[in-house]
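One structure is given below, encoded as structure tokens.
No value in this document is a laboratory result; all are computed from the given coordinates. As the structure is a prediction and not an experimental result, all values here were calculated from the model. We place every Cβ from the backbone using ideal geometry, glycine too, and count neighbours over all the protein chains shown.
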Amino acid sequence: MELKIALLKGDGIGPEIVDSAVAVLEKTAEKFGHRFIFTPYLIGGCAIDETSLPLPQETVDGCLASDSVILGAVGGPKWDGLAGDIRPEKALLGIRSAMGLFTNLRPAKLYPALRSASPLKDEIVGDGFDLLIVRELTGGIYFGERGYREGRYGTEAFDTEAYSVTEIERIGKVAFEAAMKRSKRICSIDKANVLESSRLWRKTMHELAEKYPDVEYRDMFVDNAAMQLVRDPKQFDVIVTSNMFGDILSDEASQITGSIGMLASASLGASKRGLYEPIHGSAPDIAGKNMANPIATILSGAMMLRYSFGLTAEAGTIEKAVDKVLDQGLRTADLMGSSLDTPLSCTAMTEAILKAI
Ligand code: NAD
Ligand code: IPM
Ligand code: MN
């Protein structure tokens with residue numbers, strides 16, 4: 001196959017980890033006789049520096065003209081003082097929205113080899129956990145009305161959480177379909193004891209649940225869910241939740257797998273074209289030090305092969321290579337805790353994965 005892939009490297013560790021994913025994708029293409037044509041576009045802080053806009057039109061057009069997109073991360077202290085509408089992070093919301101990517105799949109599983117990297121005790125982890133967070137990605141408080149107004153105590157800022165039945169139904173369907181292919185268990189997470197938008201979310205999910213009688217459905221309040229994730233992660237299989245709750249819970253879920261540097265994601269919409277990115281950010285504290293764990297981005301590349309291109313064997317090859325290096329005990333610094341061994345650099349980990357392909 002010949003496929004066009006847009007690269008949005010972004011800021012901080014973004015370029016380092018995207019380069020790793022590209023090397024792995026190139027090696028995989030070579031092995032299976034495909035041709036991937038990579039084209040870089042600016043996004044985030046680096047785009048602001050060059051064009052004064054976080055999301056230049058050329059980037060949007062380039063992504064829409066590609067078969068799929070790989071993104072590193074955006075943002076950093078350099079741009080933190082900018083107004084909300086021209087911040088690097090706004091570009092991420094912009095590209096997700098422009099591409100119609102209302103679904104964000106964030107799988108979180110514990111690799112047996114990484115058990116000691118998880119902060120959870122052995123008796124909690126048992127034989128491991130494997131969950132899928134289905135995060136709504138183009139609605140909710142990220143996209144609601146926001147601004148400043150005069151309030152009871154003077155000028156105040158506000159952000160609005162709003163969800164329509166249509167938005168809830170379409171993400172719900174994705175989650176129920178995913179549950180049908182997994183262990184047929186789904187937990188919808190909301191704050192329906194307080195928020196009107198969550199009450200509509202819950203009502204809509206209940207109606208959907210009736211159409212999937214084979215799926216064991218339950219609801220949970222988000223505060224309890226944050227606690228339950230560390231108390232007993234094995235109780236979860238598919239989690240479906242709103243944009244903001246999914247953002248927060250997925251960082252939490254990542255750490256119990258050993259590191260945020262492990263978690264990949266797929267952002268999907270109605271077409272095959274998706275955007276694939278690690279769930280973590282630009283990690284300014286380690287940027288430019290060749291220390292980042294590239295695995296989340298490499299596994300995002302594997303998700304791209306599977307979800308956008310249907311290249312299942314190719315995706316499996318990358319995933320197996322990651323399994324293999326972890327089984328060999330190879331670790332970047334984030335996975336090592338207080339160990340005194342020397343960690344692998346980002347490029348050394350990438351080399352090890354390339355060798356295992
Ligand atoms: P972060 O995820 O960038 O970093 C949190 C911590 O995790 C840091 O200590 C970092 O070093 C570590 N970390 C993250 N990824 C790692 C990796 N691959 N390997 C090893 N360690 C890793 O979150 P933050 O510090 O809250 O945010 C930094 C910047 O990134 C902010 O500007 C934020 O807005 C942005 N951000 C962007 C995205 C994105 O582009 N998708 C996601 C989250 C945060
Ligand atoms: C993520 C990030 C983004 C989000 C930010 C940077 C806009 O935290 O992808 O998880 O909140 O969606
Ligand atoms: Mn996040």
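Key figures for this structure:
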item: When the convex hull of its Cα atoms is projected in every direction, mean area for the range 223-354 (nm²); result: 9.5 nm²
item: Cα Rg, Dmax, the range 2-44, angstrom units; result: 11.1, 34
item: Shape box of the chain [Cα atoms, principal axes, largest first, Å]; result: 57, 51, 43
item: log₁₀ of I(q)/I(0) at q = 0.10, 0.15, 0.18, 0.21 Å⁻¹ - the range 193-289, Debye sum with one point per alpha carbon; result: -0.37, -0.80, -1.08, -1.28
item: Amide N proximity, the range 190-225 versus M180 label position 7 Å along Cα-to-Cβ, cut-off under 17 Å; result: 205-217
item: Length gained when the stretch Q328-E50 is fully extended (0.36 nm per residue, less Cα-Cα span); result: 95.9 nm
item: FRET efficiency, 1/(1 + (r/R0)^6) with R0 51 Å, evaluated for D127 and A83 via beta carbons; result: 0.55
item: Under Karplus coefficients 6.51, -1.76 and 1.60, residue-wise ³J(HN,Hα) of the range 299-315 in Hz, glycine/proline x; result: 5, 5, x, 5, 4, 4, 4, 6, 7, 8, 10, x, 8, 5, 5, 5, 4
item: At R0 = 30 Å, FRET efficiency that the Cβ-Cβ distance of D61 and R146 yields, to 0.05; result: 0.65
item: Residue-by-residue Karplus 3J(HN,Hα) for the range 272-282, coefficients 6.51, -1.76, 1.60, Hz, glycine and proline x; result: 6, 6, x, 10, 10, 8, x, 7, 7, x, 7
item: Cleavage-rule hits, trypsin sites (Lys or Arg not before Pro), the range 239-331, DSSP coil, Cβ neighbours within 10 Å at most 16; result: K272, K289
item: Cα convex hull of the range 281-353 - mean projected area over all directions, nm²; result: 5.5 nm²
item: Simple spin-label estimate for H206 and K289 in nanometres, 7 Å along Cα-Cβ; result: 5.0 nm
item: Estimated [θ] at 222 nm from DSSP helical runs (n ≥ 4, -39500 (n - 2.57)) normalised by residues in the chain, nearest 500; result: -12500 deg cm²/dmol
item: 28 Å Cα-Cα reach of K90 towards lysines, excluding residues that sit fewer than 8 places from it in its own chain; result: K4, K9, K78, K173, K191, K272, K289
